[in-house]
1. Classify region 18-83 from the C-alpha gyration tensor, please: rounded if a/c falls under 1.5, else prolate or oblate depending on whether a/b exceeds b/c.
2. Order these peptides, 297-303, 366-372, by their mean beta-carbon neighbour count within 10 angstrom, highest first.
3. Can you tell me the order of 70-77, 240-247 when each peptide is scored by its average per-residue count of other Cβ atoms within 10 angstrom, highest first?
4. Which percent of the accessible heavy-atom area of region 236-284 goes to carbon and sulfur, probe 1.4 angstrom?
5. Is region 250-338 best put as rounded, prolate or oblate by its Cα gyration tensor, with a ≥ b ≥ c the root eigenvalues, rounded for a/c under 1.5, and otherwise prolate when a/b is larger than b/c, oblate when not?
6. In region 35-89, carbon and sulfur make up what percent of the accessible area (probe 1.4 Å)?
7. Can you give the charge dipole size of region 232-300 about its Cα centre, rounded to the nearest 20 debye, using +1 on the beta carbon of Lys and Arg and -1 on the beta carbon of Asp and Glu?
8. Accessible area per residue of region 267-312 at 1.4 Å probe, in Å²?
Amino acid sequence: MADDLDYYPPTVQNILDQDSLKWIFVGGKGGVGKTTTSCSIGVLLSAVRESVLIVSTDPAHNLSDAFCQKFTHEPTLVNGFDNLYCMEVESSKMAQDMQPSEAAQAAMGMSGEGLGGLQSMMKDLSGTLPGIDEAMSFTEIMKSVQRMQYSVIVFDTAPTGHTLRLLRFPTTLQSAIDKMMALKSRFGGLITQVSGMMGGSAGMQEEMLNKFEETRQTIEQVNTLFRDPDKTTFVCVAIPEFLSLYETERLVQELTKYEIDTHNIVVNQVLFAEPDICRKMVARKRMQDKYLNQIAELYEDFNVTIMPLRDYEVRGPDSLKQFAQYLINPYQPPKMTEGPASSTSVVKFIADKHNLDLKEVHNELEEAGLHVPLPLDEQPNSF
């Protein structure tokens with residue numbers, strides 16, 4: 001039996017209490033409520049941190065919709081707060097807006113005048129490295145974010161596949177720069193001669209290679225920050241369905257592979273057995289319960305937070321503030337039921353309460369075209 005030390009509260013209070021956290025990534029399958037969760041976490045953090053920034057890297061930006069306020073690529077103060085900011089950026093669009101491999105050149109110090117044919121040669125070489133532009137664009141985002149003076153930054157990420165590509169970017173860039181530096185070691189003399197023939201000087205070549213080394217060091221710093229559980233954590237968001245559970249497990253495995261800390265899972269759109277639940281909802285709840293049990297078994301060493309399905313849209317600061325409270329105070333419905341009341345039990349209740357003959361009531365309902373089955377003990381014996 002697990003002792004008290006193994007207890008993981010079903011809240012995100014551990015994130016709020018961890019003052020050292022700088023980056024909080026929120027991700028999961030599309031349509032599971034990542035943006036609502038990101039905004040809710042940001043709202044809670046704004047009460048305990050000096051300044052909070054929520055950054056959307058999802059091409060389908062929803063921060064503006066969530067807060068009912070227009071945001072751009074520049075940090076904008078959220079209405080109703082004095083220390084919560086939002087911005088929407090898109091790494092893939094940033095890469096598309098540049099010429100091929102321009103992002104990589106800019107980050108590596110290859111842009112500008114004076115490199116002549118050597119710049120063109122290195123541009124072609126960098127263009128052959130898979131994912132280099134998107135990775136370098138994301139690097140520029142991270143550099144920009146690092147320069148901003150916020151006590152904590154929440155990243156509302158794109159669906160799982162895109163997010164995993166971005167989280168791999170330090171490894172992608174490390175591989176790219178290692179290849180560049182290997183070329184320098186093997187063909188340094190030849191590159192010097194060729195660069196001279198193409199209009200570049202040895203000094204320019206050395207400057208460019210020094211830029212490579214600076215970029216490599218920056219990437220190592222970001223990579224170290226990614227892998228530091230005191231600075232960075234990843235919150236997985238899911239709903240209690242098979243495909244979402246599958247994507248969550250895939251995400252957790254990848255995060256573990258890249259040594260990125262994750263110990264919080266938020267499960268959204270959960271149904272509770274409340275008195276006004278209908279029959280179809282009861283059937284759906286049974287399905288959800290099966291996957292909630294699997295989530296509990298798979299992630300027994302995680303803080304798994306269960307969020308209720310609301311009968312209204314969670315939009316605007318006030319709704320988000322109210323919804324965010326369930327992240328630290330688990331939802332408890334005021335009343336619970338085993339299921340919706342059946343028409344048979346309702347008719348019997350009314351007949352008993354008003355001293356009516358149950359069979360006569362059923363006969364009158366039948367004559368009115370309203371078929372209600374008799375209770376089992378009142379039904380005629382079929383033998």
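1. oblate
2. Sorting 297-303, 366-372 by mean packing, highest first, produces 297-303, 366-372.
3. Output ranking for 70-77, 240-247: 240-247, 70-77.
4. About 56 percent, which is the carbon plus sulfur part of the accessible surface.
5. Verdict is oblate for region 250-338.
6. 50
7. With Lys and Arg at +1 and Asp and Glu at -1, about 460 debye.
8. Result: 59 Å² of accessible area for each residue.
The values are calculated or read from the model by the stated rules, or taken from the named source; none is laboratory data. These numbers come from a predicted model, not from an experiment. Cβ: placed from backbone, ideal geometry, glycine included. Neighbour counts: every protein chain shown. We work out accessible area using only protein heavy atoms, side chains counted, and drop any ligands, DNA or RNA first. Shrake-Rupley method; radii C 1.70, N 1.55, O 1.52, S 1.80 Å.
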